[in-house]
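Enquirer: Mind having a look at this structure? Questions to follow.
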Amino acid sequence: MRTRFFPPIPDAIRDDVALLRANRIETLTPMLFLMLAATTPTAIYAGVQSVHPVIRIGFPVTLAAIGLLGFVFLMHNRGRRMSVRRARRMIVESTWLSGLTGAMCSIWTVVNWMAAPPATHSYYAMIMAMGSLATAYCLSSVRFATFVNLIIGLVPVSILMLTSGIAPEIAAGTSLVIATVFLLRMILQQHDQLIDLLQLQHQMRDLAHTDPLTGLANRREFDMRLDEEIAKADDASAFAIALLDLNGFKPINDQHGHAIGDGVLCELAERLRRACGDHAVVARQGGDEFAILVPAGSPLLETALADHILAVLAAPYRIGGRPMSVGAGIGTAYWPEHG
């Protein structure tokens with residue numbers, strides 16, 4: 001049941017989901033805050049005189065202050081770069097703040113309902129339902145916040161309506177429950193579609209920066225990472241690149257076919273990946289040419305890089321049960337030594 005309503009988000013897109021949720025909150029909630037503040041005078045006017053002033057007046061005034069402060073804060077930060085850390089903090093803060101304001105609205109509604117004559121009950125139910133549904137829409141990208149707000153905001157008033165013994169109120173309460181269930185269903189479907197879309201975008205991004213045969217970075221990704229390394233380099237931070245191509249690879253393709261040749265390239269790529277680990281970027285430039293970027297701070301900078309790579313590639317390859325021998329030529333350059 002838990003995974004049905006709150007399915008796990010794949011690790012590969014977890015950051016993307018957080019950024020999208022936060023951007024949606026930042027876009028939609030300013031007007032929600034403004035609406036919350038704008039309803040304060042009508043809430044105070046509609047309050048039953050016999051209700052304690054703390055609830056009748058204090059709650060609406062507090063909610064108005066929250067609405068105005070929230071609106072000013074979000075408008076002030078609009079356009080600011082959204083980091084993953086800031087996005088996750090915004091999601092948590094929005095969940096707790098919306099739950100708090102929802103609880104205050106629900107308490108105000110229930111207390112005034114119980115103190116008001118039956119003829120005016122529907123007005124309080126309408127105020128609560130409109131506020132809860134609007135909040136649920138604005139927070140629909142954050143499933144937990146949506147569930148919390150709908151439960152806090154609509155369950156109490158729905159129970160009051162369904163148990164009132166008044167036929168119109170029972171009918172209205174039933175309609176409200178049905179509308180809420182429908183909204184929850186739509187939110188769950190929207191979430192599933194969102195996850196599918198982000199996964200597709202992630203796959204397309206990988207394809208754009210990955211060599212399809214070997215799974216290594218491609219030329220575009222290597223050039224981008226090299227530009228980043230150059231941009232942050234200084235005389236105190238060394239980095240290195242190595243370029244290598246295979247010797248004797250063309251005869252393998254000619255004699256044994258491209259399938260065997262592809263097997264050699266994949267095995268070589270795996271050896272380079274194991275040799276460099278997470279300490280370097282290994283890329284296939286095209287054909288039988290490969291490149292390695294060793295960033296500043298990598299322990300590989302303390303090794304004889306060319307010898308380290310050639311030693312890994314020296315052992316014969318066995319592809320399809322056939323032993324293959326192929327050599328490699330390698331050249332290295334270091335920053336700032338070689339400019």
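Every read-out reported here was derived from the displayed coordinates using simple, explicitly stated rules and does not represent laboratory data. This one's a predicted model, so the numbers in the text were calculated from it and none came from an experiment. Here Cβ is always computed from backbone atoms with ideal geometry, including for glycine, and neighbour counts include all displayed protein chains.
Enquirer: Report the relative contact order of the chain, percent, no decimals, based on alpha-carbon pairs under 8 angstrom and at least 6 residues apart.
Expert: On the way: 379 pairs, mean separation 48.5, N = 339.
For the chain, the relative contact order is 14 percent.
Enquirer: Kindly put ASP288, ASP262 in sequence by how many other C-beta atoms sit within 10 Å of each C-beta, fewest to most. Don't skip to the end; give the middle numbers.
Expert: Values: ASP288 21, ASP262 14.
Going from least to most buried by this count: ASP262, ASP288.
Enquirer: List the trypsin sites (Lys or Arg not before Pro) in segment 68-132 that DSSP assigns to loop (not H, G, I, E or B) and whose Cβ has at most 10 other Cβ atoms within 10 Å. Which are they?
Expert: Details: sites: ARG78, ARG80, ARG81, ARG85, ARG86, ARG88, ARG89; in loops: ARG78, ARG80, ARG81.
Here the trypsin sites (Lys or Arg not before Pro) that fit, given the DSSP loop and packing criteria, are ARG78, ARG80, ARG81.
Enquirer: Gain in length, GLN255 to TYR334, computed as 0.36 nm per residue apart minus the alpha-carbon separation, to one decimal in nm?
Expert: On the way: separation 79, 0.36 × 79 = 28.44 nm, distance 3.79 nm.
Net length gain for the segment: 24.7 nm.
Enquirer: If r is the Cβ-Cβ distance from PHE182 to MET35 and R0 is 22 Å, what FRET efficiency results, to the nearest 0.05?
Expert: Working: r = 22 Å, r/R0 = 1.02.
It comes to 0.45.
Enquirer: Another question, then. Rounded to the nearest 0.05, what FRET efficiency do ILE159 and LEU100 give with R0 = 30 Å and r taken as the Cβ-Cβ distance? Could you check?
Expert: 0.90
Enquirer: Put a dot 7 Å past each Cα toward the Cβ at TYR123 and LEU243; how far apart are the dots in nm?
Expert: Rounded to a tenth, the inter-label distance reads 8.0 nm.
Enquirer: Roughly how many nanometres apart are two label points built 7 Å out from the Cα toward the Cβ at VAL54 and VAL312?
Expert: Rounded to a tenth, the inter-label distance reads 6.8 nm.
Enquirer: DSSP loop (so not H, G, I, E, B), at most 15 other Cβ within 10 Å: list which chymotrypsin sites (Phe, Trp or Tyr not before Pro) in segment 257-339 pass both filters. Intermediate values should be presented prior to the final figure.
Expert: Values: sites: PHE290, TYR317, TYR334; in loops: none.
Answer by residue number: there is no such site.
Enquirer: A further question on this structure: Per-residue HN-Hα couplings for segment 278-284, Karplus 6.51 cos²θ - 1.76 cosθ + 1.60 at θ = phi - 60°, whole Hz, x for Gly and Pro?
Expert: 8, 9, 7, 9, 9, 9, 9
Enquirer: Please list 279-286, 305-312 highest first by mean number of surrounding beta-carbon atoms within 10 Å per residue. Let's see the in-between values first.
Expert: Values: 279-286: 20.4, 305-312: 15.9.
Sorting 279-286, 305-312 by mean packing, highest first, produces 279-286, 305-312.
Enquirer: Rounded to whole Hz and in sequence order, give me ³J(HN,Hα) for segment 77-82 from the Karplus expression 6.51 cos²θ - 1.76 cosθ + 1.60, θ = phi - 60°, writing x for Gly and Pro.
Expert: These are the phi-based 3J(HN,Hα) values: 8, 5, x, 6, 4, 9 Hz.
Enquirer: Per DSSP H run of at least 4 residues, take -39500 (n - 2.57); add these up for the chain, divide by its residues and hand me the 222 nm value, nearest 500 deg cm²/dmol. Mind showing how you got there, number by number?
Expert: Values: 12 runs with 218 residues, N = 339.
Computed ellipticity for the chain at 222 nm equals -22000 deg cm²/dmol.
Enquirer: Considering only the other residues whose Cβ falls under 13 Å of the Cβ of LEU226, what net charge follows from Lys and Arg at +1 and Asp and Glu at -1?
Expert: Values: positive: ARG219, ARG220, ARG225, LYS232; negative: GLU221, ASP223, ASP227, GLU228, GLU229.
Value of the local net charge: -1.
Enquirer: So if the hydrodynamic radius of the chain is defined as the Kirkwood radius over C-alpha pairs, what does Stokes-Einstein give as its diffusion coefficient at 4 °C and 1.567 mPa s, in µm² per second?
Expert: Values: Rh = 25.2 Å.
Estimated via Stokes-Einstein, D reaches 51 µm²/s.
Enquirer: Now for a separate question. Just to check I understand the Karplus step: with θ = phi - 60° and J = 6.51 cos²θ - 1.76 cosθ + 1.60, what whole-Hz values come out for segment 201-210, glycine and proline as x?
Expert: 4, 5, 5, 5, 5, 5, 4, 6, 10, 10
Enquirer: Still on this structure, please answer the following. Dimensions of segment 1-71 along principal axes (Cα, Å, largest first)?
Expert: 55, 30, 14
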